[in-house]
Amino acid sequence: MKRKIIASILLFAVVLTAFSGCTKGSAANENPSSAPQSGNSFSGYIVENTGKDLLVASKDGLDFVSTESAKIQRDGKELSALDLKPGMTVKIDFDGTVLETYPGQIPNVGSITVTAEEEDKISLFKEAFIHIFETRENLGEEKTIALDFSKITSLSDEQICALEYVLENYFSSKTKANVIRGSYEELEKNGVIKDNFFPDGIILSLSEEKGNKFSVSWWKGGTCASGFSDCTAKMKNGEWVINYGDAWIS
């Protein structure tokens, strides 16, 4: 799929997230053209459904996809926009218009076709990161929140970027901290961590195991950390039910 832009609107300045491999904007927004294009389509993973549009992760980046005028179907059966759930993979046919924001915006969609569905681990991991963050006392004092995704194995690169985006939005709404991505090793290499201590922030980490099992933790220094091991999760009635397992502190 190759997108061609017919509109380029800069809504805000984008600050690049440190150590992140995510593209802050769709790769297709590089060459604006002056006329509508037809025959444009791409496949992506639904991250969120706002009711009016979908946040979709694809190889081109993150985009908000309008559902207002789209024909929606699965296996030849017509669906409503509310039937579209996080975890679904969809094929999106549109007229070529992509508004250059981050995420991008695709306003003129002809059809959305569900092609596959899986458990929505982005929402599971988002909830786990938020939970471990909220166990930390004095939440407002940290200047930096580092997100360590290095031990998450089941998400694609574009899904990791989506997880980073939704967490960055959440933490930015709750704190004044700068949200970055990086493991202990990366942060130490870049001089952010010194002498086994993170003076201006904390690292939030999630380590995925087989099945829906994981451990999650926050870390500030050698003897200043806490977390949960042997966590398990099950999907029930479309919602994750999480058992946070054994708590530990150091």
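Worth a mention:
- In region 103-119, the qualifying residues are those that are open to solvent by less than 60 Å² (accessible area, probe 1.4 Å) and in contact (Cβ under 8 Å) with a residue 60 or more places away in the chain, and the one that is nearest to LEU155 (Cα to Cα) is PRO103.
- Filter pass, LEU84 being touching an Asp or Glu at 6+ places or on another chain (Cβ under 6 Å) and not aromatic (Phe, Trp, Tyr): no
- Every residue from region 187-206 that is within 21 Å of ILE132 (Cα to Cα) and of a type outside the set (Val, Ile, Thr): LEU187, ASN196, PHE197, PHE198, PRO199, ASP200, GLY201, LEU204, SER205, LEU206
- Scan of region 135-166 for residues that are within 17 Å of GLU209 (Cβ to Cβ) and surrounded by fewer than 21 Cβ atoms within 10 Å (Cβ to Cβ), ordered by number: SER150, LYS151, ILE152, THR153, SER154, LEU155
- Test result for GLN73, open to solvent by 50 Å² or more (accessible area, probe 1.4 Å), part of a strand (DSSP E or B) and more than 24 Å from ILE160 (Cβ to Cβ): yes
- Residue that is surrounded by 20 or more Cβ atoms within 10 Å (Cβ to Cβ), under 23 Å from GLY61 (Cα atoms) and not basic (Lys, Arg), where the choices are ILE193, ILE122, ILE132: ILE122
- Those helices (runs of 4 or more DSSP H) of region 103-213 in which at least 1 residues are at pLDDT 95 or above, in contact with a Pro (Cβ under 7 Å, 6 or more places away or on another chain) and closer than 30 Å to GLY76 by Cα, considering only elements entirely within it, cover 121-134.
- For region 221-237, the criterion of a residue being at pLDDT 95 or above and not in a strand (DSSP E or B) is satisfied by no position.
- Residues within region 170-186 that are of a type outside the set (Phe, Trp, Tyr), more than 16 Å from GLU134 (Cβ to Cβ) and surrounded by fewer than 21 Cβ atoms within 10 Å (Cβ to Cβ), tallied: 5
- Where a residue in region 229-250 is at positive phi and its partner, wherever it lies, is open to solvent by 60 Å² or more (accessible area, probe 1.4 Å) and in a strand (DSSP E or B), with Cβ under 7 Å and at least six apart: ASP230/ASP246; GLY245/ASP230
- If the condition is being aromatic (Phe, Trp, Tyr) and either surrounded by fewer than 21 Cβ atoms within 10 Å (Cβ to Cβ) or assigned to a loop (DSSP other than H, G, I, E, B) (or both), then region 88-102 contributes only TYR102.
The values are calculated or read from the model by the stated rules, or taken from the named source; none is laboratory data. Small disclaimer: the values here were computed from a predicted structure and weren't measured. In this analysis, Cβ positions are derived from the backbone assuming ideal geometry, glycine residues included, and neighbour counts consider all displayed protein chains. Areas reflect the complete protein model, heavy atoms only, side chains present, ligands, DNA and RNA absent. Shrake-Rupley method; radii C 1.70, N 1.55, O 1.52, S 1.80 Å.
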